[in-house]
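Comments concern the structure below.
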Number of protein chains: 2
Amino acid sequence: MSLLVVGSVALDSVETPFGKREDVLGGSGMYFAAAASLLTGVSVVGVVGDDFPLEDLDFLRKRGVDLDGLESARGRTFRWRGRYGFDLNAAQTLDTQLNVFEHFSPKLGARARKAERIFLGNIDPELQMRVLDQAERPNLVAADTMNYWITSRRAQLLSLLPRVDVLMVNDSELRQLTGESNVIKAAHAAQRLGAKAVVIKRGEYGAVLVTAEHRFFAPAFPLTDVMDPTGAGDSFAGGFLGLLDRLGSAEPAALRQATVMGSTLASFAVERFSLERLRDLELAEVRSRFDAFRQLVQFEALPDRLERDP
Amino acid sequence: MSLLVVGSVALDSVETPFGKREDVLGGSGMYFAAAASLLTGVSVVGVVGDDFPLEDLDFLRKRGVDLDGLESARGRTFRWRGRYGFDLNAAQTLDTQLNVFEHFSPKLGARARKAERIFLGNIDPELQMRVLDQAERPNLVAADTMNYWITSRRAQLLSLLPRVDVLMVNDSELRQLTGESNVIKAAHAAQRLGAKAVVIKRGEYGAVLVTAEHRFFAPAFPLTDVMDPTGAGDSFAGGFLGLLDRLGSAEPAALRQATVMGSTLASFAVERFSLERLRDLELAEVRSRFDAFRQLVQFEALPDRLERDP
């Protein structure tokens, strides 16, 4: 079992109706690793600047996360500043500073090269491709992307898709990628572009998995207190791939469980700011919420006879 | 078993990206009756004008729907004109003509008065109350409402809620009613206002049932072709109450099945314009799609051991 993530390591400044934080740990690679490391061993590939508080990663080291691929470069760490209103589904980006990320070229260490499962976080598809080119035996590749890459790096993204087993995007990204407004049709169009399966992430409305054989729907956990939705999608990906790696399977039943595990980890991530909740999370809590998802969707078959009496 | 609906009977003119229809059968009472009558006996209370093509209701009569409470008044039938863009979740109302509906006062016939389950379609809460006042032995009351009544008839709506067992609204209506932005908190606030349970209708994102004891989530069926979302909520209500009436139960397990049956009927309603699909629908198709919902959400429990090897 071995899992690799390439993604951003960021210092985020976030404001929601429920509070704010300045320069706190964030980035797709961090949310992914924090979620997945509860379930399996993870290698992180990314870059930080010389202003980065490395002790913030102690909790990942304690969970056995391999940080050898986390390069320290001269300059400032990648920064993102955003704000959410009461509609927590949409972030308003106030500022993005690439900083050391601008000249980042991912280099995989010995352990990372041997990873069987790989998550390509939301970065330039050209960099995502460079990661795949260094991987020696990838068995399952999942990738995220965003509107910016879909327009500015379309050709690179299209050449990546045939190497992607699970494309993880939201409704609008999927529509933009495929030009289809119906999301199920759009998922099939993405499959024709090469992605073997598609996970449509819908925030508080849950997630839909579309494979060649089946469709599966996982709700979002009905939380009463969502503090900060940042990182929900990457925590989802961490739970999803973490479980697949732990189970060593990508059979339909495992993909369904992985989708629920994704929703489970995402639901924890948004309960607090930054990685505050994922940092202290225990596997027993994860299991208990996973079980609660079963309660949330289970229902009995209809009685044999429903026909009305004449 | 006996089910009553009070709601509008309308001539709708609808345009979607997939076509248009002029002066076709519509209205909450009609969608509800068409859906529920596949499962149980339904009485309809409403009003039509002297321009209404009564033969359009033949399919309901054939299903045994009691139309004694459908008053014919002098004047024109209630008309609604609307348009949907590619985002089929939101209708743009172009014109509403109350016509004979303006002076409508519901009068329940002999069979309707004895109904055990009642659906109060989206009409003035004062009229909804008048229906309840005539019901002799209501056992379960469900009600829909909308933003317009929440602001213009707030007092009447608040006095109705303690008599409502299942409030069926969408996210924004629930937020407006309760002043809570989190939908789960908002559902609990609606319960404090008197509604015993709340069903949050979320269009293509499914439906959430919140009762005192439990929460249940039903997805929307992943359709590739949605032609006209008009009437989805009322078809949902028809499936929901139709099944409860058929089962003669409002136990938690029945409420869960009813929520899925609601999603099932709504998914058929939107496949064609007006009541075109519900008119020809057979119970066997309904059962088969209900079963498909089980496939859509089912997943296995986690293995006993998930802890990582040391």
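Miscellaneous remarks
- Filter result (loosely packed, with under 12 Cβ neighbours inside 10 Å and charged (D, E, K, R)) within the range B:265-306: B:280, B:282, B:300, B:304, B:305
- Qualifying residue in the range B:294-309 (condition: in a helix (DSSP H, G or I) and either without any contact (Cβ under 8 Å) to a residue 60 or more places away in the chain or touching a Gly at 6+ places or on another chain (Cβ under 7 Å) (or both)): yes
- Filtering A:273, A:293 for residues that are in contact with a Lys or Arg (Cβ under 6 Å, 6 or more places away or on another chain) and at pLDDT 95 or above leaves a single hit, A:273.
- Condition check for residue B:44: under 13 Å from residue B:79 (Cβ atoms) and either in a loop (DSSP other than H, G, I, E, B) or away from chain A (no Cβ under 14 Å) (or both): no
- So residue A:10, is it within 14 Å of chain B (Cβ to nearest Cβ) and surrounded by 24 or more Cβ atoms within 10 Å (Cβ to Cβ): no
- Within the range B:84-103, residues that are under 28 Å from residue B:18 (Cβ atoms) and part of a loop (DSSP other than H, G, I, E, B) sit with their Cβ atoms under 8 Å from residues that are aromatic (Phe, Trp, Tyr) and modelled with pLDDT of 85 or more, at 6+ positions apart or across chains, in these pairs: B:90/B:84.
- Against the numbered list (1) touching a Lys or Arg at 6+ places or on another chain (Cβ under 8 Å); (2) farther than 18 Å from residue B:218 by Cβ; (3) surrounded by fewer than 24 Cβ atoms within 10 Å (Cβ to Cβ); (4) within 13 Å of chain B (Cβ to nearest Cβ), residue A:212 comes up short only at (4).
Each row is one residue, and each column tells you yes or no for (1) aromatic (Phe, Trp, Tyr); (2) buried (at least 24 other Cβ atoms within 10 Å of the Cβ); (3) under 13 Å from the mean Cα position of the chain (by Cα).
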site: B:157; (1), (2), (3): no, no, no
site: B:167; (1), (2), (3): no, yes, yes
site: B:173; (1), (2), (3): no, no, no
site: B:192; (1), (2), (3): no, no, no
site: B:203; (1), (2), (3): no, no, yes
site: B:234; (1), (2), (3): no, yes, yes
site: B:241; (1), (2), (3): no, yes, yes
site: B:247; (1), (2), (3): no, no, no
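- All positions within the range B:184-209 that are at the interface with another protein chain (Cβ under 9 Å from one of its Cβ atoms) and over 19 Å from residue B:240 (Cα atoms): B:184, B:185, B:188
- Of the candidates A:87, A:58, A:50, A:66, the single residue that is closer than 29 Å to residue A:174 by Cα and among the acidic types (Asp, Glu) is A:87.
- Within the range B:270-293, tally of residues that are of a type in the set (A, V, I, L, M, F, W, C) and part of a loop (DSSP other than H, G, I, E, B): 4
- Test result for residue B:91, farther than 20 Å from residue B:127 by Cβ and either at pLDDT below 95 or buried (at least 23 other Cβ atoms within 10 Å of the Cβ) (or both): yes
- Residue match in the range A:273-294 (condition: under 15 Å from residue B:300 (Cβ atoms), touching a strand residue (DSSP E or B) at 6+ places or on another chain (Cβ under 8 Å) and within 11 Å of chain B (Cβ to nearest Cβ)): yes
- Check on residue B:232, at the interface with chain A (Cβ under 10 Å from one of its Cβ atoms), in contact with a Gly (Cβ under 8 Å, 6 or more places away or on another chain) and either farther than 26 Å from residue B:30 by Cα or small (Gly, Ala, Ser) (or both): no
The values are calculated or read from the model by the stated rules, or taken from the named source; none is laboratory data. The structure displayed is predicted, hence computed values, not measured ones. Backbone-built Cβ (ideal geometry, glycine too); neighbour counts: all protein chains shown.
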